[in-house]
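Peer 1: Please see the structure below; I have some questions.
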Amino acid sequence: MQTTGPGTDGLLPDSDRPVLLFDGVCNLCNGFVQTIIKHDRKHLFRFSSLQSGTGEKVLQYIKQDTGSVPDSLVLVYKDKYYIRSDAALKTAALLKGRWLLLTVGYIVPRFIRNGVYNFVAKNRYKWFGRQDVCMMPTPELNERFLD
């Protein structure tokens, strides 16, 4: 299965800054976003939930491209999209510093990485819980969220 897509042809403005789309009601996904916010000292990343207008637009694009829709994590960067384990590893690479150590995961074949990723994604609500509504950014973080 393809996990990085072709050019997104201006799907998102300013694609030179990574945009991480996440399941806004998932506690694990929200924790991942909070970790990125904490360690992204240059404020490079922007965020949007998959349930938002931006998220729906990106998911529709990916569905047309691949025939399926990811439900937990998508990274859009430099006119490409990354899903599943590729999204997580590319995010770690963009954070730099000690996070680059996680990119050793690229040596694991994609079908194995995605198998583990899919297993965790399938069980994330059971293991980590979910919220009734999407996370709302604080006023100081609001500029980093698309909608």
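Peer 1: Which residue out of GLY24, GLY7, GLY67, GLY53 is over 23 Å from VAL104 (Cβ atoms), within 14 Å of the chain's Cα centre (by Cα) and either of a type outside the set (A, V, I, L, M, F, W, C) or at pLDDT 90 or above (or both)?
Peer 2: Values: GLY7 fails: within 14 Å of the chain's Cα centre (by Cα); GLY67 fails: within 14 Å of the chain's Cα centre (by Cα); GLY53 fails: within 14 Å of the chain's Cα centre (by Cα).
None of the other options fit; the residue is GLY24.
Peer 1: Assess whether TYR77 counts as being within 30 Å of ASP132 (Cβ to Cβ) and modelled with pLDDT of 85 or more. Working first, answer last.
Peer 2: Working: within 30 Å of ASP132 (Cβ to Cβ): no; modelled with pLDDT of 85 or more: yes.
So TYR77 does not fit the description; no.
Peer 1: Given LEU73, LEU59, which one is within 20 Å of LYS122 (Cα to Cα) and more than 11 Å from the chain's Cα centre (by Cα)? Working first, answer last.
Peer 2: Details: LEU73 fails: more than 11 Å from the chain's Cα centre (by Cα).
That would be LEU59, the only listed residue that is within 20 Å of LYS122 (Cα to Cα) and more than 11 Å from the chain's Cα centre (by Cα).
Peer 1: Hey, another quick one. Looking only at region 100-119, count every residue that is in a helix (DSSP H, G or I) and either more than 18 Å from the chain's Cα centre (by Cα) or without any contact (Cβ under 8 Å) to a residue 24 or more places away in the chain (or both) and tell me the total. Talk me through it step by step, then tell me what you get.
Peer 2: Within region 100-119, the subset in a helix (DSSP H, G or I) is 100-107, 110-119.
After this cut, where a residue has to be either more than 18 Å from the chain's Cα centre (by Cα) or without any contact (Cβ under 8 Å) to a residue 24 or more places away in the chain (or both) as well, the list is 100-107, 111-112, 115, 119.
Qualifying residue count for the region: 12.
Peer 1: Within region 41-85, track down each residue that is on the phi > 0 side of the Ramachandran plot and in contact (Cβ under 8 Å) with a residue 40 or more places away in the chain.
Peer 2: Residues satisfying the conditions are HIS43, LYS78, ASP79, ARG84.
Peer 1: Give me the pairs, please: first residue somewhere in region 123-145 and in a loop (DSSP other than H, G, I, E, B) and hydroxyl-bearing (Ser, Thr, Tyr), second residue anywhere and at pLDDT 70 or above and loosely packed, with under 10 Cβ neighbours inside 10 Å, beta-carbon distance under 6 Å, and either six or more positions apart or on two chains.
Peer 2: none
The values are calculated or read from the model by the stated rules, or taken from the named source; none is laboratory data. Being a predicted model, the structure only gives us computed values, none of them experimental. Methodologically, a virtual Cβ is constructed for each residue, glycine included, from the backbone with ideal geometry; neighbour enumeration extends over all protein chains shown.
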